[in-house]
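For reference, the structure discussed in these notes is given below.
None of the figures in this text is laboratory data; all of them are computed from the coordinates on show. Note that the structure is a prediction, hence the values are computed from the model and not measured. Here the Cβ is made from the backbone with ideal geometry for all residues, glycine too, and neighbour counts use every protein chain on show.
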Amino acid sequence: MSDPGISVVICAYTEDRWEDILAAVASVRAQSRPALETLLVVDHNQALLDRLRREYKECGEGAVVRVLANAGPRGLSAGRNTGIAAAHGGVIAFLDDDAVAERDWLRHFAASYADPRVMAVGGRTVPVWASGRRPDWFPEEFDWVVGCTYRGLPRGLVRVRNVLGGNASFRRTAFDAAGGFATGIGRDGDRRPLGCEETELCIRLTRALPEAVLLIDDRAVIHHRVPPGRERFGYFRTRAYAEGLSKALVARSVGAQKGLESERRYATRVLPAGVARGLRDAVLARPGGAGRAGAIVAGVCAAAGGYVVGSVRARRNGTAFPTASIGGSGHD
């Protein structure tokens with residue numbers, strides 16, 4: 001099979017992350033397996049758009065960097081859809097604007113696409129704590145709160161229901177079959193921290209293409225910065241509640257059986273084991289044990305509350321969010 005070429009999409013929305021954005025782009029340009037191009041999609045921020053266009057007007061050697069304005073409504077999903085529509089690659093990878101990829105990130109992604117059944121490949125996302133270390137109370141089972149790989153996900157190269165959006169790749173034909181990321185779900189700058197847009201897309205994809213294989217390869221590693229505000233319990237609780245809201249939307253869209261399939265195992269096996277570890281550490285006077293156990297319980301309660309509220313709202317409003325169709329490749 002011929003090399004499809006990989007386009008990398010990075011969505012940005014604020015100048016506050018200027019240095020992070022530059023570092024993310026630099027990590028793509030340093031890949032051992034070069035990207036075909038890097039697309040920086042700016043979410044309705046003219047000052048940032050102009051500044052990035054000046055920065056990358058002359059890229060020099062290495063992968064081409066193209067700076068685009070989000071052509072859809074405000075939010076991460078529409079930004080990604082803009083990048084997909086403009087990309088030239090047969091595979092499209094997504095990297096968070098506050099993350100850096102290890103040198104072999106794209107090489108590991110590319111290897112799996114030798115199998116024509118593979119439609120998506122995700123990787124492992126490692127937190128980089130602003131304070132220099134994980135807060136004692138912060139459980140690894142909830143690292144998804146800060147956009148990172150969490151305890152309970154399978155290790156190695158494994159088949160999964162869905163990849164995680166900040167460190168993921170898809171064949172272009174996956175979007176041809178299933179459409180783009182649904183708007184009305186997922187991040188919208190610094191507003192309520194919703195998520196799950198990649199979960200909903202992956203479920204739609206496997207319905208459209210039942211033979212599709214979706215993988216996680218934990219050798220495809222990125223390092224994701226966790227700012228000070230996200231190390232606090234207040235953010236932890238808010239993000240868990242927002243995840244419940246998002247899961248309710250996904251369940252409404254694709255059905256509870258598929259929408260909550262992975263979450264059942266997580267809630268019934270992974271989280272109880274985490275509480276037990278935390279309590280054991282507390283008995284052994286290890287730092288943060290009781291806090292981790294308490295945080296898991298609080299996170300579950302917040303997510304469950306969000307799910308109930310989101311389900312009621314969805315039933316009352318008949319919530320259905322639009323799914324973007326992706327245009328032909330290579331246009332701006």
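Could you pull out every residue, at least 5 positions away or on a different chain, whose amide H is within less than 5 Å of the one on Val41? Hs are placed 1.01 Å off N in the peptide plane, and Pro or chain starts have none.
Ile10, Cys11, Ala12, Leu68
For Val65, enumerate residues with amide H under 5 Å from its amide H, sequence gap 5+ or separate chain, H modeled in the peptide plane.
Sorted by chain and number, the residues that satisfy this are Thr38.
Cut-off 10 angstrom, C-alpha nodes, Gaussian network model of the chain. Which of Leu245, Leu164, Leu153 fluctuates the most?
Looking only at Leu245, Leu164, Leu153, the largest GNM fluctuation is found for Leu153.
Have a look at Leu95, Leu279, Leu214 and tell me which one the Gaussian network model of the chain (Cα, springs below 10 Å) gives the largest fluctuation.
Comparing Leu95, Leu279, Leu214 in the GNM, the peak value goes to Leu279.
At a threshold of 8 angstrom on Cα-Cα distance, excluding pairs fewer than six apart, so keeping six or more, what relative contact order does the chain reach in percent? Write down the numbers at each step before the final one.
On the way: 686 pairs, mean separation 69.4, N = 332.
Computed over the chain, the figure is 21 percent.
What ³J(HN,Hα) values, in whole Hz, does the Karplus curve 6.51 cos²θ - 1.76 cosθ + 1.60 give for segment 35-48 when θ = phi - 60°, with x put for Gly and Pro?
Computed from phi, the couplings for segment 35-48 are 6, 5, 6, 10, 10, 9, 9, 9, 8, 6, 9, 5, 5, 5 Hz.
Beyond 13 Å, what share of the Cα-Cα pairs of segment 107-163 remains, rounded to the nearest whole percent? Can you show the working numbers first?
Values: 1081 of 1596 pairs.
For segment 107-163, the fraction of Cα-Cα distances above 13 Å is 68 percent.
Divide by every residue of the chain the summed helix terms, -39500 (n - 2.57) for each DSSP H run of at least 4, and state the resulting mean residue ellipticity at 222 nm, rounded to the nearest 500 deg cm²/dmol. Write out the running numbers ahead of the final one.
Details: 11 runs with 133 residues, N = 332.
Calculated mean residue ellipticity at 222 nm is -12500 deg cm²/dmol.
For the residues Thr268, Thr82, Thr173, what sequence is obtained by ranking on other C-beta atoms within 10 Å, fewest first?
Values: Thr268 9, Thr82 25, Thr173 15.
The fewest-first ordering by Cβ neighbours comes to Thr268, Thr173, Thr82.
With θ set to phi - 60°, apply the Karplus curve 6.51 cos²θ - 1.76 cosθ + 1.60 along segment 235-251 and write out the HN-Hα couplings as whole Hz, x wherever there is a Gly or Pro.
Here the 3J(HN,Hα) series is 5, 3, 5, 5, 5, 5, 4, 5, 5, x, 4, 5, 4, 5, 5, 5, 4 Hz.
With +1 on the Cβ of every Lys and Arg and -1 on the Cβ of every Asp and Glu, and nothing else charged, how large is the dipole of the chain about its Cα centre, in debye rounded to the nearest 20?
Working: 46 positive and 36 negative charges, 245 e Å.
That gives a dipole near 1180 debye.
Counting C-alpha atoms alone, how compact is segment 55-172: give Rg to one decimal and Dmax as a whole number, in angstrom.
Computed over the Cα atoms of segment 55-172, radius of gyration and Dmax are 16.2, 46 Å.
Remind me, relative contact order of segment 205-313 in percent, using alpha carbon pairs under 8 angstrom and six or more residues apart?
Values: 88 pairs, mean separation 39.2, N = 109.
Relative contact order of segment 205-313: 36 percent.
With point charges of +1 on the Cβ of Lys and Arg and -1 on the Cβ of Asp and Glu, referenced to the Cα centre of the chain, which listed residue (Trp137, Leu49, Ala298) lies farthest in the positive direction of the dipole?
Ala298
Give the percent of DSSP beta bridges with both residues in segment 6-315 that are antiparallel, rounded to the nearest 5. Could you put the intermediate results ahead of the total?
On the way: 14 of 41 bridges.
Expressed as a percentage, antiparallel bridges in segment 6-315 total about 35.
Collect residues whose amide H, placed 1.01 Å from N in the peptide plane, falls under 5 Å from the amide H of Arg134; neighbours closer than 5 in sequence don't count.
Correct list: empty.
Among Ala110, Ile6, Gly288, flag the residue with its Cα farthest along the positive direction of the charge dipole of the chain, charges on Cβ as +1 for Lys/Arg and -1 for Asp/Glu.
Gly288
Please find, in a Gaussian network model of the chain (springs between Cα atoms separated by less than 10 Å), the residue of Glu243, Glu211, Glu37 whose mean-square fluctuation is greatest.
Ranking Glu243, Glu211, Glu37 by mean-square fluctuation puts Glu211 first.
Looking at the P(r) of segment 1-113, how many percent of alpha-carbon pairs lie beyond 25 Å? The partial results should precede the final answer.
On the way: 936 of 6328 pairs.
Result: 15 percent of Cα pairs exceed 25 Å.
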